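Input: a single structure, listed below in structure tokens.
The values are calculated or read from the model by the stated rules, or taken from the named source; none is laboratory data. None of these values were measured; they are calculated from a predicted model. So basically every Cβ, Gly included, is an ideal-geometry build from the backbone, and we count neighbours across all protein chains shown. All accessible areas refer to the heavy atoms of the entire protein, side chains included, with ligands and DNA or RNA removed. Shrake-Rupley method; radii C 1.70, N 1.55, O 1.52, S 1.80 Å.
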Amino acid sequence: MVSPTHFEDLSNELLLDIFDYLDGYHMLEAFSNLNNRFQHLINSSYFLLKLNISFMSQTSFNKRSSNIIRPYINQIISLQLSKPFFMKNFFTSFPIDTSFNRLESLVLNDFNVNDNLSILISLRQLPRLFSLNIFGWNCRESCIIFQSICRLPVLKYATLSFLKWDSIHSFPPATNNDQRSMTLEYLASNISHDLASIYSVLSYTPQLRHLSVERIPDDRYIPIEQSILPCNLTSISIRYWLLPFNAFASFIAIVGFKLELLRVSTFHRTTLLDAYQWQQLILHRMPHLRTFLFYYHGPLMEDIDGSNQCRALLDQFSSRFWIERRWFFTHRHCNCYSSYGPPYLSFYSTQIRWLEFCETDDYLNNNICSYQDPIFNLSIGPRMAIQNRNVVADFPFQFPRVTELRLTDNDTININSFIDNLSHIIILTNITYLNISINNQWLNCFIKLLNHMPNVQKLVLDLQSSSETEVWSNQLTDTVDLECNNNVKNVQIIDIFSFVTVQLINKLFPRMECLQIVNVITGNDIIVEPLKTMIDNEKLLDNYDIEYRHFKLCLSW
């Protein structure tokens, strides 16, 4: 008989491995001062903390600052900060300096880089910062930001993603080694620049092995001499290539000789659909290529007689060259913009896994040609949009990997049957993001639906009010009596605003930590000051922050 093993019987090495999977706050709150052994392990140099400071009240932040962050600051190995309000609190209390001597990974979500360039400069003091991820709204100085990152002493991995790039300065190439990063190996950025800017980026990163860029548009193209680009790229991913094939061939001729993986998608560029051109480019310019992932989306091609060319296209990419490398392709037709518009062709590698959306029969059009491969007619990304009326018992497909769901066109339905049918299409407990349009008739159904999605963290509500505002308010008042079994932390309201709505939304989502109101007004003073007055008079919050930017009103506390 094997005796049972207790948690405290595990070795220190195994306990540290387990702690590595836990949020630092929760782990310390659970094991601190539990017994001498655990406390000794926590205080040892082998114990490292991973902290995620996203949404918490000022009281919680002050408590954790005193009990966790400050005592263990030199044991923090990973740090994730979200929202300007929380970042402001954190960097005011804990300026970046050598106290963070073990920090290896830093993630800044919703970072206002234009006003906080000094924070990026201060990162140079971190001796072990290997990974930096920055996500934000707007970046006016992409060149300055990138140059600052290249000066980080040991950085290997960098991700820069902004909703809008609005640089007012050109992006000059590096001219000396003091400007270059000799450690950066992985760079992912959604910078939308011409090829000259991409070449400039590469001139700063001579050791770069993996490059992922969002968009290379059809604009200024200035060839750069290969001699200034000591390039070691083995992987390139381009999400939107909008230039002709000859421009792509010139680009690959400079940077592609060591490539082992290439991902590229293009739109409305039929010159990139020539299989023979690709074959010659790969043979002569990418001899080490092992993985080729290609995606084309554009108008349906037709012969002179009006028949489509799908079979001929697939035949071109089915020669011995492609089969030997096990690079296979398929296609589909879809009505992307409207069911009444012209159909579009999507032609892509069967191995591709970077499409974001799952496509349902709302968009697919299988009547264009008879040459179909239904196995690949559905992309398998994490996002899915579906009309409620199509959630039926005999829906022919399942999407088990969906984590982000958008439901539209809220007709009168039987909510219990709707939830049952939807659960056969997706796994409800996998949903972490829900975007849904509701009116006062659908509100109770929505609450019941949300109770079956306990892991939804972010909720976007498109509130479509009835003609009588009082009806909407009364419906909300009645709804607060329902059981609200959800863990929603971030709520975004679109198109409607009333103080009654805000008050009751707060009751519907008891764990809500951030509220955003979108497209409600054209100015901020009209709503910010009355909202502050309401919060202060009703004593709803002790410590909070309100910010209006990018047509969003964000309330954090």
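Tally Lys and Arg at +1 and Asp and Glu at -1 over the other residues with C-beta under 12 Å from the C-beta of L48: what net charge comes out?
Working: positive: K50, R102, R128; negative: D17, D20, E104.
Net local charge, L48 excluded: 0.
Could you list the residues of the range 39-55 with an amide nitrogen less than 19 Å from a label point located 7 Å from the Cα of H6 in the Cα-to-C-beta direction?
Under 19 Å, as judged by backbone N against the label point of H6, lie 39-42 of the range 39-55.
For the range 86-144, give the magnitude of the charge dipole about the Cα centre (Cβ charges: +1 Lys/Arg, -1 Asp/Glu; no others), in debye to the nearest 20.
120 debye
If each residue of separation counts as 0.36 nm, what is the full-extension length gain between A253 and I427 once their alpha-carbon separation is subtracted? Write down the numbers at each step before the final one.
Values: separation 174, 0.36 × 174 = 62.64 nm, distance 4.55 nm.
Net length gain for the segment: 58.1 nm.
For N414 and Q280, compute 0.36 nm times the residue count separating them, minus their Cα-Cα distance, and round to one decimal in nm. Could the numbers behind the result be given before it?
Working: separation 134, 0.36 × 134 = 48.24 nm, distance 5.80 nm.
The N414-Q280 span can extend by a further 42.4 nm.
Work out from phi, with θ = phi - 60° and the Karplus expression 6.51 cos²θ - 1.76 cosθ + 1.60, the ³J(HN,Hα) of each residue of the range 267-275, listed in order in whole Hz, and give x for Gly and Pro.
For the range 267-275, the Karplus curve yields 10, 6, 10, 5, 5, 8, 9, 8, 4 Hz.
Rounded to the nearest 10 Å², what accessible area does E214 show when all protein chains are kept and the probe is 1.4 Å?
60 Å²
Out of residues 5 or more away from Q351 or on other chains, whose amide H comes under 5 Å of its own, with H placed 1.01 Å from N in the peptide plane?
Close amide H contacts, sequence-distant or interchain: F328.
Whole number in Å², please: accessible area per residue of the range 42-190, 1.4 Å probe, ligands, DNA and RNA not counted. Before the final figure, lay out each step's value.
On the way: 6440 Å² over 149 residues.
On a per-residue basis, 43 Å².
If R₀ is 25 angstrom, what is the calculated FRET efficiency for the pair N114 and K458, using the beta carbon separation as r and rounding to 0.05? Please report the intermediate quantities before stating the final value.
Working: r = 25 Å, r/R0 = 0.99.
E(calc), rounded to 0.05, equals 0.50.
Tell me, what is the Rg over Rh of the range 243-332, with Rh the Kirkwood radius over Cα pairs?
Ratio of gyration radius to Kirkwood radius: 0.97.
Tell me, what ³J(HN,Hα) does each residue in the range 177-185 have, in order and in whole Hz, if you take phi through Karplus 6.51 cos²θ - 1.76 cosθ + 1.60 with θ = phi - 60° and put x for Gly and Pro?
5, 5, 8, 8, 8, 9, 10, 5, 10
Sum up the charges of everything whose Cβ sits under 14 Å from the Cβ of L434, counting Lys and Arg as +1 and Asp and Glu as -1, but leave L434 out.
Net charge in that neighbourhood comes out at +3.
If you take the Cα atoms of the range 383-435, find Rg, then find the Kirkwood Rh from the mean of 1/r over all pairs, what is Rg/Rh?
Checking Rg against Rh, the ratio lands at 0.92.
So for the pair N62, A30, with labels modelled 7 Å out along Cα→Cβ, what separation do we get in nm?
Calculated label separation equals 2.8 nm.
Could you grab the Rg to Rh ratio for the range 118-158? Cα atoms only, Kirkwood for Rh.
Reported Rg/Rh (Cα atoms, Kirkwood Rh): 0.95.
How much net charge surrounds F19 when only the other residues with a Cβ under 15 Å from the Cβ of F19 are counted, with Lys and Arg +1 and Asp and Glu -1?
-3
Would you mind checking K156/K458; K448/K507; K88/K156; K63/K88 for any pair whose Cα atoms are more than 24 angstrom apart?
In this structure, K156/K458; K88/K156 lie more than 24 Å apart at Cα.
Counting pairs of alpha carbon atoms under 8 Å apart in space and at least six apart in sequence, what relative contact order in percent does the range 20-141 give? Let's see the in-between values first.
Working: 161 pairs, mean separation 25.8, N = 122.
Across the range 20-141, relative contact order equals 21 percent.
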